[in-house]
């Protein structure tokens, strides 16, 4: 009997330690993976942007899982920048925020929809809840920097696919405006709901060369 | 359980301690690199996509 109880106690302590390790893995270990991937994608993207634009190509197609654009949010400080990946599968979102394939590209009429992790995998959208009306979201592409301004936010059910439609909340309607939508989980550490941030294009300017922008 | 493992480790006290440390590390590595990556997508508490929306990419 005593042996049994002691064994049970040891098992419980072990389980507790394993759980602690797992939490460390989720919150810190996964982020290291994302940082590696971001670094790699960042270099790839910069290289491809510096190379001359391929001829006879009007819109560049981006493969699922590779970098599409750069997102920066001045409110989160000058160091905040992530490569936006094409695709929103689990494996894509592990590398960074992901663009819904089929939704508009940056600067296009319609809805540029980006989803990102809020607590794990470097948590690119950790502080997205702090964004308020008028805050800027900068999207860098090869030649252009698109400046979006937050227009509002909403907390919805995970099934609310209408937020990603070209005119958010009105699927089927023809888009006339150039919008951005960020989606992430809500509340933090939960998948019960989704936090959605809406924005609209207010400006576009030539992209600043990385030599001048970065250090 | 742990007492049993300790008793069955060979060698003197420091050797046993070293062996025990190796065992703990091995268990940790197996968890970190094999078990957790497998487990992580299954307990996703951090899922930010609105579901069922990945429209097939055009072309």
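The values are calculated or read from the model by the stated rules, or taken from the named source; none is laboratory data. The shown structure was predicted, so the numbers you read here are calculated from the model rather than taken from an experiment. Because the Cβ atoms are built from the backbone with ideal geometry, glycine has one as well, and the counts that use them run over all protein chains shown.
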Sole residue being at positive phi, touching a residue at least 40 places away in the same chain (Cβ under 8 Å) and over 10 Å from the mean Cα position of the chain (by Cα), chosen from A:107, A:96: A:107
Among the candidates B:22, B:43, B:50, residue that is at pLDDT below 80 and more than 27 Å from residue A:102 (Cα to Cα): B:43
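Would you check which residues across segment A:95-129 are within 16 Å of residue B:45 (Cα to Cα), at the interface with chain B (Cβ under 9 Å from one of its Cβ atoms) and not in a strand (DSSP E or B) and list them?
Initial filter on segment A:95-129 (within 16 Å of residue B:45 (Cα to Cα)): A:115-126.
Narrowing the set further to residues that are at the interface with chain B (Cβ under 9 Å from one of its Cβ atoms) leaves A:115-121, A:123, A:125.
Correct list: A:116, A:117, A:118, A:119, A:120, A:121, A:123, A:125.
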Residue list for segment A:130-164, filter: at pLDDT below 90, in a loop (DSSP other than H, G, I, E, B) and under 25 Å from residue B:47 (Cα atoms): A:157, A:158, A:159, A:160
Which numbered condition residue A:85 fails, given (1) more than 10 Å from every other protein chain (Cβ to nearest Cβ); (2) touching a residue at least 60 places away in the same chain (Cβ under 8 Å); (3) surrounded by 14 or more Cβ atoms within 10 Å (Cβ to Cβ): (2)
Of residues in segment A:153-185 being closer than 24 Å to residue A:205 by Cβ and surrounded by fewer than 21 Cβ atoms within 10 Å (Cβ to Cβ), the one nearest to the other protein chains (Cβ to nearest Cβ): A:175
Matching residues, segment A:48-77, being under 22 Å from residue A:95 (Cα atoms), modelled with pLDDT under 90 and part of a loop (DSSP other than H, G, I, E, B): A:60, A:61, A:62, A:63, A:64, A:65, A:66
